[in-house]
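Heads up: the structure comes next, in structure tokens.
The values are calculated or read from the model by the stated rules, or taken from the named source; none is laboratory data. Note that the structure is a prediction, hence the values are computed from the model and not measured. As a convention, Cβ positions derive from the backbone with ideal geometry for all residues, glycine included, and neighbour counts pool all protein chains shown. Only protein heavy atoms, including side chains, enter the accessible area calculation; ligands, DNA and RNA are left aside. Shrake-Rupley method; radii C 1.70, N 1.55, O 1.52, S 1.80 Å.
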Amino acid sequence: MSTEPTEWTPDAVRDLHDDLVELYEPVEREETGAETDAAPEGEHGTTADARGVEQLLTTILSQNVADQNTRRAADSLFSTYDDFRAIEEAPLEELAETVRVAGLPETKAERIQRSLSAIREETGGAYSLAFLDAMTTDDAKGWLTEIKGIGPKTASVVLNFHFGKPTMAVDTHVERVSKRFGLVPESATNQRAHDVLDEVIPDDLKYPLHVLLIRHGRTHCTARSPDCDNPVCGAHCDCEDC
């Protein structure tokens, strides 16, 4: 356990990144999604424009579910329907059954169709998120989160992983580890955690730290019975278990 709270300057954040890299390995940037939330390749994903929409739909499927079931649901979705229009126009009950393995099938089916409708209306008929690339990060995040059911984490995954925009995606692992390390106040909401980490973490580290904090949260800094016997927790963690 660290002896006193860390002042999270940019240099301190870089030290944390370096310590995590030493414990695990360097992170190579990928476009396909949050660490294991990759959308499958297929007819939907043969162009960059289509991959952006696939990224959004797959991230919706990943909400509150294990990665293995996300992959299974995405495989089912993109193999069942020929294109995004077919997904948008599918009967809701049929679409929900197609993605049932992801959990909350009716809710996620509604979010998927609502998102596709918003994209089509914004572009005048195309299923492409390319217009987000020309927006500032805040404006792009604002457009996405205007869609009911799209929160800051889903928006940040799409914007950071697909477009390379400087925004930190905060899932349950990132939030837990960040609070234990004192990067984020313990009482912060998920929205506040996004805001704080976007401000504290240098832009070039937002992607790799997202991945590394997830790995640390899964490997050592688990929700229950965390394993604090590692150099990263020894140097940075303020939780009572350490």
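Observations on the structure shown:
- Surface accessible to a 1.4 Å probe, E22 within the full protein complex, Å²: 150 Å²
- Shape summary of region 162-202, radius of gyration then Dmax from alpha carbon positions: 9.9, 31 Å.
- For region 123-242, diffusion coefficient by Stokes-Einstein and Kirkwood Rh (Cα), 10 °C, 1.306 mPa s, µm²/s: 104 µm²/s
- D83 accessible area, 1.4 Å probe, all protein chains in place, Å² to nearest 10: 70 Å²
- Net charge, A134 excluded, C-beta distance under 15 Å - Lys, Arg +1, Asp, Glu -1: -3
- With Cα atoms defining each centre, region 77-98 and region 154-192 are spaced 30 Å apart in the structure.
- Value of D in µm² per second that Stokes-Einstein yields for region 124-175, Kirkwood Rh from Cα pairs, at 37 °C (0.692 mPa s): 288 µm²/s
- Largest-first principal axis extents, alpha carbons of region 43-193, Å: 46, 34, 25
- Pairs spanning more than 23 Å between alpha-carbon atoms, out of K153/K206; K148/K179; K148/K206: K148/K179; K148/K206.
- Equivalent ellipsoid semi-axes, region 79-118, via Cα gyration tensor eigenvalues times 5, rooted, Å: 15, 12, 8
- Accessible surface of the chain [probe 1.4 Å, protein heavy atoms]: carbon and sulfur percent: 45 percent
- Local electrostatic count at E22 - Lys and Arg +1, Asp and Glu -1, tallied over other residues with Cβ under 13 Å: -2
- Mean-position separation - Cα centroids, region 209-223 and region 107-129, in angstrom: 32 Å
- Per residue, the accessible area of region 166-242 comes to 42 Å² when a 1.4 Å probe rolls over the protein heavy atoms.
- With all protein chains modelled, accessible area of W143 [1.4 Å, Å²]: 40 Å²
- Across q = 0.25 Å⁻¹, region 168-231 modelled as identical point scatterers on its alpha-carbon atoms has Debye log10 I(q)/I(0) values of -1.08, in the order of the q list.
- Student exercise, region 171-242 dipole from Lys, Arg, Asp, Glu Cβ charges, in Debye to nearest 20: 220 debye
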